[in-house]
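Please read the structure below before turning to the comments.
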Amino acid sequence: MIKHHPSQSLLLAFSRGQLPASLSIAVSAHTDNCSECMHQVLALQESSALFLDEPDTEFEQWHDMSMIDAITSDESEMLATKSQASSVNIKGTEYTLPKSLSSVQLSSWMKLGKLARAKVDLNEGEVHANLLHIESGGTIPQHTHKGFEVTVLLAGEFHDENGSYVPGDFIWLNESNTHSPQTTEGCLCLTVANDALHFTQGLSMALNPIGKLIY
Amino acid sequence: MLSSNIRTDKKAMTVTSGPRDQSAMHQELCGWLHDVATLRSKSAFSELFKWFAPRIKQFGIKQFNNEAQALELVQETMTNIWRKSHLYKRERGAPTTWMYSIMRNMSFDMLRKIQTQREDTISDDIWPMENMLVSEDVDNFEDHLENKNIKTMLATLPENQKQVIIGLYFQQATQEQLAKQLNLPVGTVKSRLRLALNKLRNQLGESND
């Protein structure tokens, strides 16, 4: 069962289209799996739409009608489009990706030991999104995050000091959280972070370049 | 007793409600959207435009803090409404929700273009429009309802009061959170709550006494 959800304020910002694309994709990968949050988003959307007709708000009268003619002079109708979920094959396992990623380019996979990552090309400056694959038996050494890091588990399982996670879990971590995720059967995650991982323990501090790789 | 109330409540609602009542507006918007979709009626589209354009502009100014971009959002959104009206399904929710979703998607893609210089349109992948889901208001909170009658009674409330009751009692928001969410003063939430509770109490009273 999914235990980790986006916060209320994140869902509200999502429903209003105010989050960066990377975070919107992460929230949508969660709501694809979580009917509870999906209903929340739809209800927020309906409330926002109702607010459009809020009796206490005064709207200006619209005088310039030239836009109407310009729009209606085009008689063609748009066809319904449906997002096709794409899939990736990593070391022989086929994974279906969230629909929200279907029009987005992925970089080629960079591999390092049991880790592999592909960048999601969104061009959002300091906020980076990645697909991260950890092979069965793989671990990411104990680390913290200099900024925030969101992980949405897409397939498989992993666990850390705080428990175990199932597909759909939306995990938000910041500087104050330290963890070392490991997976028994392997997993595919979507991660969104605004800074590199920072390894905190002994020898693995020498691994800080891995943090850059994953970020 | 209750059941006879229920059968008449639709009628009662239209009789007692004022000219700005949302269900009346809802009917009118549905009618216009229907005429645009089936007859390609330009006059119905003009009505939709006159109602929606100032609202989009206001939303756009909040989103972009720039009038020219807000007007571009009006143009883009209304163009999509004109060209996609045949895709609107009445049973999939209020026309306002449908139009709001188009506006939100357009605004998201525009913001993205402004901030990242990318021309891709990914909003329709994040919030699919074609099989748009609706929360079915109260239906999804059915499990939380001990008594189905409450659901039927809720249906007799005006939309804005129903929203407050659902927010506070079924989604368990605080009055402050709900006010923020709906962009309303807390006082308005409180007064709607009072009106709604009075109405519900009257109905309950009739059947309980």
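Coordinate-derived values only; no laboratory data. Small disclaimer: the values here were computed from a predicted structure and weren't measured. Every residue, glycine as well, gets a Cβ built from its backbone with ideal geometry; the counts of neighbours run over all protein chains shown.
Of the peptides A:127-140, B:100-113, the ranking by mean beta-carbon count within 10 Å, highest at the top, reads B:100-113, A:127-140. The smallest convex shape that holds all Cα atoms of the stretch B:14-131, its convex hull, gives 115 Å³ per residue.
Once the Cα atoms are used to define both axes, helix A:21-31 deviates from the longest principal axis of chain A by about 80 degrees. Taking chain A as a Gaussian network of alpha-carbon nodes connected by springs under 10 Å, the highest mean-square fluctuation of the residues A:Leu52, A:Leu154, A:Leu101 belongs to A:Leu52.
Normalised by the number of residues in chain A, the mean separation of alpha-carbon contacts (under 8 Å, six or more apart) gives a relative contact order of 21 percent. A dipole drawn for chain A from +1 and -1 charges on Cβ atoms has a positive end, and of A:Leu112, A:Thr96, A:Tyr165 the residue lying farthest that way is A:Leu112.
Rg/Rh for chain A stands at 1.07; both radii use Cα atoms, and Rh follows the Kirkwood definition. GNM remark for chain A: springs join alpha carbons under 10 Å apart, and the peak mean-square fluctuation among A:Gln45, A:Gln61, A:Gln84 falls on A:Gln61. The residues A:Glu46, A:Glu185, when put in order of fewest to most other Cβ atoms within 10 Å, stand as A:Glu185, A:Glu46.
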